[in-house]
Amino acid sequence: MAEKPVTLSQRNGIAVIRLREAGGHGRLSPDAAWELGRTCERLNWDASARVVILTGCAGAFRFDLEGEEPSAGAPLPRSNKEACGGRAASAVAGLKAPSIAAINGDALDQGLELALACDLRVAAEGARLGFTGVSKGAMPWDGGSQRLPRIVGPARALDMLLTGRLLPAGEAHAIGLVNRVAAPDDLQQAVQRLAEEIAAGAPIASRFVKEAVYKGLDMSLDQGLNLEADLSFLLQTTGDRREGVRAFLENRKPRFVGE
Amino acid sequence: MPAFKTIEYDKKGGIAHVRLDRPSVHNAYDTAMRDDVFQAMEAARDDGEVRVVVISGKGRSFCAGADLTEFGSAPSVTAAREARWGRDVWGLFLSMDKPLLAAVHGHCVGSGLEMAMLCDLRVAAGNALFAMPEARLGLMPAAGGSQTLPRSLGASKGLDLLLTGRRVDATEALALGLVSRVVPESRLSAEAESLAESLAALDPPAVAAVKKAMRHGSGMSLAQGLTLEARLSLRLAAEQGRAPSTPSHQIEGRFP
């Protein structure tokens, strides 16, 4: 039996989703996308998942359009499972817990779209990021044309989309496309450290912050401020908030339980 | 002008200064300070002589965040919510027609950073330290931080600070876009003063119009924002008694 395309491991509040598919397929296979969607959904019901890391085996973020690219003449998807190959990134963006993409190889096309759907991105030195599709007559179809400009601004996004240029990790960091860069050997550790930093916070607070940020950006500032205020009052009913304040005043580390 | 307990307020030559003044606790923000800041900002708003407001902190820091010793003292969550909107100090910041300038040094953390982000410009001393530690403490921002940071820095850089709570020094704050200038600590008040003077020299109705266009336009579609801008520029020209610089078709939102 073939190895599962998506695997999940969880330890100390940190969930790691690993894409086992190597690159060159043009896109995530429907099986892998389906599994990824199910995995993300499962994590949304799992209060113990405080942070999610998305990564792959070497080069797994690479889904360049060499192979079976979707074309106008392609038959319509016959099933939900087949259709979800095109919206794998939505599942990742739908994660309620904070997410980190560990970019261990080139993140191209759908690979980059998956990384853009994470909240934070850490790239290995030597990794390159870009969209190669437009130069081949295709366009992003898993959120790239929407998420990229929201992260780096429209001018830089169009530069990447229209030229197809691959950005080295350092340049990606300079324009805010990735949040941290690490030596390839240190990548895993750097991501783990970042995940632990976030996992040390209160899980409900982190989820509320994420919700306030993304929903707020789709609203006017006044509406966003109302949402933030209401979530912060809702948060006042949690035991973790009382624990956090008590721990601060007692000058000790808080013990958050996610309630 | 009432006597303030937690801030200092004065004005000179069109520049009003609000100085947070609880230096023994790094100017931690409590309800008394909220009431004082609210009154001072109202005074600055209503005072025709005031053209710009500078907010700074006395002692070693700008503001180390909310005073956590007060947390949990509200009789209920619903009462806390009533109080929040009963005196909407942050809404008052955003509604000001006059430019607000934050001059920050030392700790600029949590509510302190949020207060600075509600100002129009931020100048930082080289020793300034920034952080949003709320989620690490089981809290979340409640002075607009989850809205203002992502709007200034983008969602990802904003979430980086909001989720990790990590400390950022002045150099990184400049690179991230948290502040627009960094100056040596000894020069902070002089630099802030000279920036405030240049803002005070501007035509107040023009400043008010630009602020309105930015504040309301950013939440609109581009087409709506352009119409708003055209309308504001026309009204400004009328106020100033000069011919409008905007072609009429643009104002009416149609093709020439």
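Things worth noting here:
- Inter-residue pairs, beta-carbon under 6 Å, first in contact (Cβ under 8 Å) with a residue 40 or more places away in the chain and in segment B:164-190, second part of a helix (DSSP H, G or I), 6+ apart: B:VAL179/B:ALA173; B:VAL182/B:ALA170; B:VAL182/B:LEU174; B:VAL183/B:GLU191
- Among the residues of segment A:90-123, those that are over 10 Å from A:LEU54 (Cβ atoms) and under 8 Å from the mean Cα position of the chain (by Cα) comprise A:ALA93, A:LEU116, A:ASP119, A:LEU120.
- B:GLU229, sole failed condition from (1) assigned to a helix (DSSP H, G or I); (2) outside the structural domain of B:ILE55 (by TED's automatic domain parsing); (3) surrounded by fewer than 12 Cβ atoms within 10 Å (Cβ to Cβ): (3)
- Test for A:ARG147: is it assigned to a helix (DSSP H, G or I), buried (at least 21 other Cβ atoms within 10 Å of the Cβ) and not aliphatic (A, V, I, L, M): yes
- Residue in segment B:196-219 that is in contact with a Cys (Cβ under 6 Å, 6 or more places away or on another chain), more than 9 Å from every other protein chain (Cβ to nearest Cβ), open to solvent by less than 20 Å² (accessible area, probe 1.4 Å) and not in a loop (DSSP other than H, G, I, E, B) present: no
- Lone unmet requirement of (1) in contact (Cβ under 8 Å) with a residue 60 or more places away in the chain; (2) of a type outside the set (D, E, K, R); (3) open to solvent by less than 10 Å² (accessible area, probe 1.4 Å) for A:ALA117: (1)
- When A:LEU166 is tested against (1) surrounded by 21 or more Cβ atoms within 10 Å (Cβ to Cβ); (2) touching a strand residue (DSSP E or B) at 6+ places or on another chain (Cβ under 6 Å); (3) away from chain B (no Cβ under 13 Å), exactly one condition is not met: (1).
- B:ALA125 in the same structural domain as B:THR69 (by TED's automatic domain parsing), farther than 23 Å from A:GLU228 by Cα, among the aliphatic types (A, V, I, L, M) and at pLDDT 95 or above: yes
- Residue that is nearest to B:GLY165 (Cα to Cα), among those in segment B:116-130 that are in contact with a Gly (Cβ under 9 Å, 6 or more places away or on another chain) and open to solvent by 20 Å² or more (accessible area, probe 1.4 Å): B:LEU129
- For segment B:48-76, filtered to residues that are among the hydrophobic types (A, V, I, L, M, F, W, C) and open to solvent by 10 Å² or more (accessible area, probe 1.4 Å), the residue that is farthest from the other protein chains (Cβ to nearest Cβ) is B:ALA64.
- Some residue of segment B:44-66 being within 30 Å of B:ALA213 (Cα to Cα), in a loop (DSSP other than H, G, I, E, B) and out of contact with any Gly (no Cβ under 7 Å at 6 or more places or on another chain): yes
- Meets criteria (surrounded by 24 or more Cβ atoms within 10 Å (Cβ to Cβ), polar (S, T, N, Q) and within 7 Å of chain A (Cβ to nearest Cβ)) for B:SER146: yes
- The residues of segment B:29-47 that are without any contact (Cβ under 8 Å) to a residue 40 or more places away in the chain, more than 19 Å from B:GLU197 (Cβ to Cβ) and open to solvent by less than 40 Å² (accessible area, probe 1.4 Å), listed by number, are B:MET33, B:ASP36, B:ALA40.
- Which numbered condition B:PRO133 misses (of (1) facing chain A (nearest Cβ under 10 Å); (2) surrounded by 24 or more Cβ atoms within 10 Å (Cβ to Cβ); (3) touching a residue at least 40 places away in the same chain (Cβ under 8 Å); (4) not polar (S, T, N, Q)): (2)
Conditions tested, residue by residue: (1) touching a Lys or Arg at 6+ places or on another chain (Cβ under 6 Å); (2) open to solvent by 30 Å² or more (accessible area, probe 1.4 Å); (3) over 17 Å from B:SER61 (Cβ atoms); (4) not aromatic (Phe, Trp, Tyr).
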site	(1), (2), (3), (4)
B:GLU114	no, no, no, yes
B:GLY154	no, no, yes, yes
B:LYS157	no, yes, yes, yes
B:LEU174	no, yes, yes, yes
B:GLU193	no, yes, yes, yes
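- Just one of the listed residues (A:ARG150, A:ARG180, A:ARG193) is modelled with pLDDT under 95 and either within 20 Å of B:LEU162 (Cβ to Cβ) or polar (S, T, N, Q) (or both), namely A:ARG150.
The values are calculated or read from the model by the stated rules, or taken from the named source; none is laboratory data. Fair warning: this is a prediction, and the values are worked out from it, not measured in the lab. FYI the Cβ positions are ideal-geometry reconstructions off the backbone, even for glycines, and counts take in every protein chain you see. With ligands, DNA and RNA removed, areas are computed over all heavy atoms of the protein, side chains included. Shrake-Rupley method; radii C 1.70, N 1.55, O 1.52, S 1.80 Å.
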